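I have placed the structure first, in the form of structure tokens, so that the comments after it can refer back to it.
The values are calculated or read from the model by the stated rules, or taken from the named source; none is laboratory data. The structure presented is a predicted model; accordingly, all values stated were derived computationally and were not measured. Note that each Cβ is placed from the backbone with ideal geometry, even for glycine, and that neighbours are counted across all protein chains shown. In case anyone asks, the SASA skips ligands and DNA or RNA and just uses the protein heavy atoms, side chains included. Shrake-Rupley method; radii C 1.70, N 1.55, O 1.52, S 1.80 Å.
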Amino acid sequence: QVQLAESGGGLVQTGGRLRLSCAVSGLSFSRYAMAWFRQAPEKERDLVASIDWIGARTHYGDSVKGRFTISRDNAKNTLYLQMNSLKPEDTGVYYCAASERPLVAGTSGVSYWGQGTQVTVDS
């Protein structure tokens, strides 16, 4: 059974930082590209960042470039998202996702989803 389990969300003040983790089991982690998506209330689920199978190439949404860093540890089957200089508009549910190819936009290429973790940035 494939499981993607996010953790690390919470409430933080504007300008603060959080580190999200996604522990993956039930699939060959190094054979999947990974990504983080964000969904704010009443909005679509948007790609925040993605990373290729070995962590050599990354892609970021324009709103998070320079503030967020995606990384992975294939030995630990874990994906990370370091979020710095957080803003209220970063508030939402953050989802971990696995795909066969690295994603640059949209959700259609996602093979597996996590259950999500809430991030709230208080102004």
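Numbers below:
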| item | result |
| --- | --- |
| C-alpha center-to-center spacing [region 70-123, region 3-33] in angstrom | 6 |
| Of all accessible heavy-atom area on region 1-74, the percent that carbon and sulfur account for (1.4 Å) | 44 |
| Ser108-Asp73 pseudo-label distance in nm [points 7 Å out on the Cα-to-Cβ vector] | 3.6 |
| Per-selection Rg to Rh, region 43-100 - Cα, Kirkwood hydrodynamic radius | 0.95 |
| Sparsely packed trypsin sites (Lys or Arg not before Pro) within region 22-52, loop by DSSP, other Cβ within 10 Å at most 13 | Lys43 |
| FRET efficiency, Val2 to Thr58 (Cβ-Cβ, R0 22 Å, nearest 0.05) | 0.45 |
| Interchain or long-range residues, amide H under 5 Å from Gly61's placed H | Ala49 |
| Those chymotrypsin sites (Phe, Trp or Tyr not before Pro) in region 58-123 that DSSP places in a loop and that have at most 13 other beta carbons within 10 Å | none |
| Anchor Lys87: lysines whose Cα lies under 25 Å away (excluding residues fewer than 8 positions away in-chain) | Lys43, Lys65 |
| For Gly116, residues with placed amide H under 5 Å, excluding near neighbours | Glu6, Cys96 |
| All-pairs alpha carbon distance profile, region 1-105, 10 Å steps from 0, percent | 16, 51, 29, 4 |
| Rg ratio (alpha-carbon, reference 2.2 N^0.38 Å) - region 17-67 | 1.27 |
